[in-house]
Amino acid sequence: SFEVRLASSGRTVGVAPGQSVVQALQAQGVEILTSCEQGVCGTCLTRVLEGQCDHRDHYLTDEEKARHDQFLPCCSRATTPVLVLDL
Ligand code: FES
């Protein structure tokens, strides 16, 4: 498991195994707009300020994935303990 931190408030939210980042945030009252929830449409695209993403989508290009500055929180996760999001 890992945590996401909201840059605007400094709030940290834990993401359990089997739970998506979108679901973890939603449980804390933070809504991310979603559509496909399968990493295909790009609706949930979120900027990443710190940390490394475990990209599991089919939307970003390999070059975009390698920058670790954005990810799709409906399906993608983190390889670092904390991911700081521009939220
Ligand atoms: Fe479609 Fe996340 S909701 S990529």
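Just so you know, all these numbers are worked out from the coordinates, no wet-lab data involved. Remember, predicted model here, so these are calculated numbers, not experimental data. So basically every Cβ, Gly included, is an ideal-geometry build from the backbone, and we count neighbours across all protein chains shown.
Quick notes on this one:
- Within segment 2-13, tally of residues that are out of contact with any helix residue (DSSP H, G or I) (no Cβ under 7 Å at 6 or more places or on another chain) and part of a strand (DSSP E or B): 5
- Set side by side, the residues VAL13, VAL40 differ, and just one is over 10 Å from the mean Cα position of the chain (by Cα) and away from the ligand (no atom under 15 Å from the Cβ), which is VAL13.
- Of the residues making up segment 56-83, those that are under 9 Å from the mean Cα position of the chain (by Cα) and either of a type in the set (Val, Ile, Thr) or in a loop (DSSP other than H, G, I, E, B) (or both) are LEU72, PRO73, CYS74, CYS75, SER76.
- Which numbered condition ASP69 misses (of (1) exposed (fewer than 15 other Cβ atoms within 10 Å of the Cβ); (2) of a type in the set (Asp, Glu); (3) farther than 19 Å from VAL82 by Cα): (3)
- Qualifying residue in segment 37-45 (condition: in contact with a Gly (Cβ under 9 Å, 6 or more places away or on another chain) and farther than 15 Å from ASP86 by Cα): no
- Evaluation of PRO17 against (1) surrounded by 13 or more Cβ atoms within 10 Å (Cβ to Cβ); (2) in a loop (DSSP other than H, G, I, E, B) (one fails), failing number: (1)
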